[in-house]
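Beneath this line is the structure, given in structure tokens, with notes to follow.
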Amino acid sequence: MSKMQTQTVTRVAGPGVAVRGNDIDTDQVIPARFMKEVTFDNMGQYAFFDARRDDSDAFNDHPFNQHDDASILVVNQNFGCGSSREHAPQALMRWGIEGIVGESFAEIFAGNCQALGIPTATASHDTIERIMERVEQSEGPELTLDVESETVMVGDEVLDVRIKPSQKEALLGGIWDTTSLMKSYLDEVQVTADNLPYLHNFGA
Amino acid sequence: MSKGTLYDNVWDRHAVRELPTGETQLFVGLHLIHEVTSPQAFGMLEERDLRVAFPDRTFATADHIIPTADLARPFADDQTETMMQELETNTREHDITFFDPGSGAQGIVHVVGPEQGLTQPGMTIVCGDSHTSTHGAFGALGFGIGTSQIRDVLATQCVAMSKQQVRRIEVTGSLPEGVYAKDIILKIIADLGVDGGVGYVYEYGGEAVEALGMDGRMSICNMSIEGGARAGYVNPDETTFDYLKGRRYVPQGEAWDEAVRYWRSIRSDDDADYDDRVRFDGSALEPRVTWGTNPGQGIGITEPVPDPARMNGAREATEQALRHMDLRPGQSMQGVPIDVAFLGSCTNARISDLREAARLLQETGGAVDDSVRALVVPGSEGVKQQAEEERLDAVFRRAGFEWRGAGCSMCLGMNEDQLEGRELCASSSNRNFVGRQGSPDGRTVLMSPAMVVAAAVNGEVTDVRTMMDGD
Ligand code: SF4
């Protein structure tokens, strides 16, 4: 499931799913009680776990129940606010989501997505509304999120979106997994460390 | 761009280099880990056959799922036992110091760091937990990170990050009686919004903040993330140094004097440039409560619950929140019946929180209402021990509170402490998200520890000031 370390992400495409609402927090994306596992392997089944069920535990009409083949998630403002749990993007990714388009994202969430190679593109309220409407139609068109050109193609309609420059570089350059990149500069890390007085008991 | 702020000073000293993405490779001075978000990162290290680069800069504790009632091993819950063993193995194999239960140093990671003196001014501090912003109270930069970034830190002692803007938040005046640090931050989040801080680091200052002790400053910085700001800090001063002096991991003797000199040097300049400034009048605040399902949906205790019909743009979200909370537009929060009172979490389970709560119970002779299940969960073993030395535990017990071991407990309901069904909880924690406290239908009203005590005693949400002036 996990992508190779050096894989570039230039575009993601597939059926869309719209989850409407501002400030959808990570506790909704994955309730904490499902985080008692030492790997991320099973997280996919917990995506929006409570939101997808009614009081008698049956599946309700949540979009994730209706579009279970989706790979592009469309959201409104401040999506992924709250906890830093990477379980949230991991759950979405393992459920099948490969890219997210929204009005805005919480920072830690967007960073976590980037580290997994999942683009988080932003667009105006009107653009998002337009995409959501199309996605919600029965037999809705496939979406293509193009990282290079910063566009979303909805059927034959092309809409502009924005991707943070650093995220764009990371995805296109295949350097969204920063461990090996930063490790290659360990000598410089040591120099920085040597200059920090608190690592040397303040020179005493 | 900001200039001459503590944020700039600390950032510059920790910047290793610019990465091809335009982000900065930032050195991490202190890395804290806990049992829930670290095992996957150690797994990733193993997959790549990597070792921990600076094992003496990572410290571990257990807090999120640890039981706070029965600590006998193996734990009653198998998954909890597995996660605990995983942490024990990982820290042992990688030579990482582990403050384990019973050591006297275990507790919520954001309570433990400062208490041990690990958290110091001028550091960069990260942890796989969004409330790492707490450590900013000491004039450090504390950031919550995800598990892949934990892997980065373990392998390189660095994170890749973009520099943010700095917003100076000035709180003037002095706080009226019954108003606490928690009320300041709840007000800030309500006014600036839960996403108002996205792209910003918050610098808190002004008389009302400077007059607070370290515990209060931590409550404020703790909830920066609830306002969308990834980090928040207060410039270090005498209060900071007094708190740190003599603690286990701070320098002693001559090195201490050197340290204080250094810590003073990194403060924001008087004429520093900020990207934005806002001001609040601390003397005009009243005790606050939330009525909704995010920390920004809050009001002063004497204000009415808002009417969705009058909320531009937020109408649907407001309706939804009120439906979940079972509240009516225009009603007062005072008198809303509670089922559970939770005094705990990394926002408000430090010694001064417990002292104030106990003082209130003692002075009013109040006892927990029969209809309420009430628990005190100290933030750390250190806090617990201190409270017991001061006999605060006896005060709580006599009043009808359960007295527990240290951990996150009902803040996020990963252990056995959870809301049941539609229970409503008066909580000193930081998140009132739907399902946060363990029950998908549970309801949370955020407030200060003193307000939790008032609610526990009366069985309903109460203006704590009515208990204080003897009305
Ligand atoms: S007390 Fe609550 S908010 Fe704080 S670290 Fe624990 S779970 Fe997170």
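The values are calculated or read from the model by the stated rules, or taken from the named source; none is laboratory data. Note that the structure is a prediction, hence the values are computed from the model and not measured. Cβ atoms come from the backbone with ideal geometry, glycine included; neighbour counts cover every protein chain shown. Note: accessible area is taken over every heavy atom of the protein model, side chains too, but ligands, DNA and RNA are not part of it. Shrake-Rupley method; radii C 1.70, N 1.55, O 1.52, S 1.80 Å.
Tabulated values for the structure
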{"quantity": "Hits in region B:24-77 - residues which are of a type in the set (Ser, Thr, Tyr) and within 16 Å of the ligand (Cβ to nearest atom)", "calculated": "B:Thr37, B:Ser38, B:Thr61, B:Thr68"}
{"quantity": "Hits in region A:71-119 - residues which are open to solvent by 10 Å² or more (accessible area, probe 1.4 Å), more than 9 Å from chain B (Cβ to nearest Cβ), within 21 Å of A:Gly173 (Cβ to Cβ) and free of Cβ contacts under 8 Å to residues at least 60 places away in the same chain", "calculated": "A:Ala110"}
{"quantity": "Enumerated helices (runs of 4 or more DSSP H) restricted to region A:19-119, each holding at least 3 residues that are more than 16 Å from the ligand (Cβ to nearest atom)", "calculated": "A:63-66, A:87-95, A:107-115"}
{"quantity": "Residues located in region A:182-204, provided they are within 7 Å of chain B (Cβ to nearest Cβ) and under 15 Å from B:Gly253 (Cα atoms)", "calculated": "A:Tyr198, A:Asn201, A:Phe202, A:Gly203, A:Ala204"}
{"quantity": "Segments classed as strands (runs of 3 or more DSSP E), wholly inside region B:1-49, with at least 2 members that are facing chain A (nearest Cβ under 9 Å)", "calculated": "B:15-18, B:24-27"}
{"quantity": "Exclusive hit being assigned to a helix (DSSP H, G or I), among the β-branched types (Val, Ile, Thr) and either more than 20 Å from B:Glu416 (Cβ to Cβ) or open to solvent by less than 20 Å² (accessible area, probe 1.4 Å) (or both), set B:Val434, B:Val445, B:Val452", "calculated": "B:Val452"}
{"quantity": "Residues within region B:375-412 that are farther than 26 Å from B:Phe98 by Cβ and near the ligand (Cβ under 10 Å from one of its atoms), tallied", "calculated": "0"}
{"quantity": "Residue in region B:342-351 that is nearest to the ligand (Cβ to nearest atom), counting only those that are farther than 12 Å from B:Gln437 by Cβ and outside any loop (DSSP other than H, G, I, E, B)", "calculated": "B:Leu343"}
{"quantity": "Output for region B:413-433, where each listed residue is over 19 Å from B:Lys182 (Cβ atoms), at pLDDT 95 or above and away from the ligand (no atom under 13 Å from the Cβ)", "calculated": "B:Leu419, B:Glu420, B:Gly421, B:Arg422, B:Glu423"}
{"quantity": "Considering residues of region B:421-431 that are within 18 Å of B:Thr462 (Cα to Cα) and not charged (D, E, K, R) only, the residue farthest from the chain's Cα centre (by Cα)", "calculated": "B:Leu424"}
{"quantity": "Long-range neighbours under 7 Å by Cβ, at least six apart or interchain, first residue farther than 12 Å from B:Ala140 by Cβ within region B:5-16, second of a type in the set (Val, Ile, Thr) and modelled with pLDDT of 95 or more", "calculated": "B:Thr5/B:Val166; B:Ala15/B:Thr24; B:Val16/A:Val189; B:Val16/A:Thr192"}
{"quantity": "Tally of residues being part of a helix (DSSP H, G or I) and surrounded by 14 or more Cβ atoms within 10 Å (Cβ to Cβ) across region B:299-314", "calculated": "1"}
{"quantity": "Output for region B:88-99, where each listed residue is within 24 Å of B:Cys411 (Cβ to Cβ) and either touching a Cys at 6+ places or on another chain (Cβ under 9 Å) or surrounded by fewer than 17 Cβ atoms within 10 Å (Cβ to Cβ) (or both)", "calculated": "B:Glu88"}
{"quantity": "Matching residues in region A:162-173 - criterion: being closer than 19 Å to B:Arg17 by Cβ and surrounded by fewer than 17 Cβ atoms within 10 Å (Cβ to Cβ)", "calculated": "A:Pro165, A:Gly173"}
{"quantity": "Test for A:Glu139: is it at pLDDT 95 or above and open to solvent by 30 Å² or more (accessible area, probe 1.4 Å)", "calculated": "no"}
{"quantity": "Sole exception among (1) at pLDDT below 95; (2) open to solvent by 30 Å² or more (accessible area, probe 1.4 Å); (3) farther than 25 Å from B:Arg48 by Cβ; (4) within 11 Å of chain B (Cβ to nearest Cβ) for A:Ala32, by number", "calculated": "(2)"}
{"quantity": "Residue, farthest from the other protein chains (Cβ to nearest Cβ), within region B:434-449, restricted to residues that are under 17 Å from B:Asp326 (Cα atoms) and more than 13 Å from the ligand (Cβ to nearest atom)", "calculated": "B:Val445"}
{"quantity": "Residue check, B:Gln85 open to solvent by 10 Å² or more (accessible area, probe 1.4 Å), over 29 Å from B:Asp281 (Cα atoms) and in contact (Cβ under 8 Å) with a residue 40 or more places away in the chain", "calculated": "no"}
{"quantity": "Selected residue [assigned by TED's automatic domain parsing to the domain that holds B:Leu45, loosely packed, with under 15 Cβ neighbours inside 10 Å, small (Gly, Ala, Ser) and in contact (Cβ under 8 Å) with a residue 12 or more places away in the chain] from B:Gly104, B:Gly113", "calculated": "B:Gly104"}
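For (1) within 14 Å of the ligand (Cβ to nearest atom); (2) closer than 20 Å to B:Lys163 by Cβ; (3) away from chain A (no Cβ under 14 Å); (4) touching a helix residue (DSSP H, G or I) at 6+ places or on another chain (Cβ under 7 Å), each residue gets a yes or a no:
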| position | (1), (2), (3), (4) |
| --- | --- |
| B:His94 | no, no, yes, yes |
| B:Phe98 | no, no, yes, yes |
| B:Gly102 | no, no, yes, no |
| B:Leu118 | no, no, no, no |
| B:His131 | yes, no, no, yes |
| B:Phe138 | no, no, no, yes |
